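**Q** Okay, handing you the structure first.
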Amino acid sequence: MRWQSPRLFRITRYLSCCRACSGVPWVGFCRFCTTLGINLWFSATAESVAELSGGGRIRGMKVKLVHRFEEIIKVENLLRAWQGFIIGKRKRVDVQTYGAQLMDNLYALHDDLSQQTYCHGSYQAFKVTDPKPRQIHKATVRDRVVHHLLYQAIYGYFDCRFIYDSYSCRLDKGAHRAMDRFNLFAGTVSHNHTRTCYVLKGDIRKFFASIDLRLLVGIMRPSIEDESLLWLIGQVLASFNSGKPGVGLPLGNLTSQLFSNIYLNELDKYIKQELQIKYYIRYADDFVILSDNRNELEDIVPLLQDFLEIHLKLELHPQKVFIKTYNSGVDLLGWVHFPHYRQIRTVTKRRIDKRLSIPAKSAIVNSYRGLLSHGDSYRLRQRLNLI
């Protein structure tokens, strides 16, 4: 460790930013930090320094990320962003067209970024059903390369600040780990399924379309010193027109996934730090809180409503907030969870029956086989010849 002043020091080893936990571990190198050459500076108290020297976790410390915009937009980093972007997209016409003159396009993009003449293009809108209809907005290849570049630059730092039990769009997380964590929490609260466990399940109404962009920038600004990087973030945020000025993120952008987690991390911190809720899990805009006291959960609901409306300008979905017992079955992330098993949703069963009633491609059959393997669905797989 190299000292800069009695209270300010620079880390010569990089943090493992790809792994989030209750603190920040001093282990290994982060491929994001080493790739982009990001310097992490910490302002610490003497107690924090003493704890670090003993190999403990970082506590009582203000963390700030210092970006060098010129380093982030280097051509080699643009090329790395391109390589991440084209995974699974090599056969698409627009990707092949851009890739035919790849280096010329990347050098031109680098010039636009360095001179801050870059302007985000328009979106192509289309609808998907998964199962409910959603409006997806697809950016141009050039803009999506910028999204990947921006994601590479800031993901590692912000991911370290997220709570452990936030599972959407994060490395080493995901829906299956969220469900396993839920079952673990339910077993703990119910004392190994011998007592009643109550579950508060909530959902935020029109989440992506309701995110206030000024609030989002205000949340990120204290962590980012480079004004050029803030300019690039502003270009991406201002590129989407939801019909309400300064409100809404497009579904389809890689950066939207990260920005949404940064936005709702304020709710996570409120629940964990202010309300001191121990058994809490969030996946995107869906969340659950578990307790052995129903009255406690009922008292939490108005507190969450007030916090979301006042601090984040969001609203709980009135028809998707409920409290029920674990024994009666909790619908979470596509599965209905019970104390000793989980079943696929009935509506999903019907959709699978309908899809497989006619000859389907092997890829579709294998995807359903993989989906059903994550729960207790032996009879269903047997009936559909998916075993």
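**Q** Is there a pair in K132/K313; K313/K354; K206/K269; K138/K173; K206/K278; K91/K132 whose C-alpha atoms are over 32 Å apart, and which pairs would that be?
**A** Correct reply: K313/K354.
**Q** Would you mind checking which residues have amide H under 5 Å from L251's amide H? H placed 1.01 Å from N; only 5 or more apart, or other chain.
**A** Close amide H contacts, sequence-distant or interchain: H137.
**Q** Considering only protein heavy atoms, what is the solvent-accessible area of H191 at a probe of 1.4 Å, reported in Å² to the nearest 10?
**A** In the full protein context, H191 sits at about 90 Å².
**Q** While we're on this one: Leaving ligands, DNA and RNA out of it, rank Y107, Y341, Y123, Y263 by accessible area with a 1.4 Å probe, largest first.
**A** Ranked from most to least accessible, the order is Y107, Y341, Y123, Y263.
**Q** Once R0 is set to 22 Å, what does the formula 1/(1 + (r/R0)^6) return for the Cβ-Cβ distance between H191 and S328, expressed as a FRET efficiency to the nearest 0.05?
**A** FRET efficiency, H191 to S328: 0.80.
**Q** Order the following by accessible area, largest value first: L184, L371. Probe radius 1.4 Å; ligands, DNA and RNA are ignored.
**A** The ranking, largest first, comes out as L184, L371.
**Q** Here is a further query. Run through all the Cα pairs of the range 167-252 and give the fraction in each 10 Å bin from 0, expressed as whole percent.
**A** Histogramming the range 167-252 at 10 Å steps yields 13, 28, 27, 19, 11, 2 percent.
**Q** Quick one: accessible area per residue over the range 64-136, 1.4 Å probe, rounded to a whole number of Å²?
**A** Roughly 63 Å² per residue, with all protein chains present.
**Q** Here is a further query. Give me the accessible area of S367, 1.4 Å probe, in Å² rounded to the nearest 10.
**A** About 70 Å², ignoring ligands and nucleic acids.
**Q** Calculated FRET efficiency, R351 and V301, Cβ-Cβ r, R0 30 Å, to nearest 0.05?
**A** According to the calculation, E is roughly 0.40.
**Q** Of the heavy-atom accessible surface of the range 245-387 (probe 1.4 angstrom), what whole percent is carbon and sulfur?
**A** 48
**Q** Another question, then. Please give the per residue accessible area of the range 301-349, computed with a probe of 1.4 Å over protein heavy atoms only, in Å².
**A** 54
**Q** Under a crude label model (7 Å from the Cα following the beta-carbon direction), how far is R221 from L275 in nanometres?
**A** Taking the simple label geometry, R221 and L275 are separated by 2.8 nm.
**Q** What is the spin-label model distance, in nm, from K320 to F126 if the labels are put 7 Å beyond Cα along the C-beta direction?
**A** 2.4
**Q** Please report the spacing between the Cα centers of the range 142-161 and the range 294-354 in Å, no decimals.
**A** Their Cα centres are 30 Å away from one another.
**Q** Whenever you get a sec, line up R383, R134 from highest to lowest accessible area (probe 1.4 Å, protein heavy atoms).
**A** These residues rank, largest area first, as R383, R134.
**Q** If you don't mind, there's one more thing I want to ask. List, in order, the whole-Hz ³J(HN,Hα) value for each residue of the range 109-126 obtained from phi through the Karplus relation with A = 6.51, B = -1.76, C = 1.60 and θ = phi - 60°; use x for Gly and Pro.
**A** For the range 109-126, the Karplus-derived couplings read 5, 4, 4, 5, 6, 5, 8, 6, 9, 5, 10, 5, x, 7, 10, 9, 9, 8 Hz, x marking Gly and Pro.
**Q** Continuing with the same structure: Listed highest first by mean packing, meaning other Cβ atoms within 10 Å per residue, what order do 243-254, 295-306 come in?
**A** 243-254, 295-306
**Q** Here's another thing I want to ask about it. Would you please give the FRET efficiency between E70 and I136, computed as 1/(1 + (r/R0)^6) with r the Cβ-Cβ distance and R0 = 35 Å, to the nearest 0.05?
**A** 0.55
**Q** Under the Karplus relation 6.51 cos²θ - 1.76 cosθ + 1.60, θ = phi - 60°, what is the ordered set of whole-Hz ³J(HN,Hα) values for the range 141-148, x standing for Gly and Pro?
**A** 4, 4, 6, 6, 5, 5, 4, 5
The values are calculated or read from the model by the stated rules, or taken from the named source; none is laboratory data. Please read all numbers here as calculations on a predicted model, not as lab measurements. Cβ sites come from the backbone with ideal geometry, for glycine too, and all protein chains shown count toward neighbours. Just so you know, the surface numbers come from the protein's heavy atoms only, side chains and all, with ligands and any DNA or RNA stripped out. Shrake-Rupley method; radii C 1.70, N 1.55, O 1.52, S 1.80 Å.
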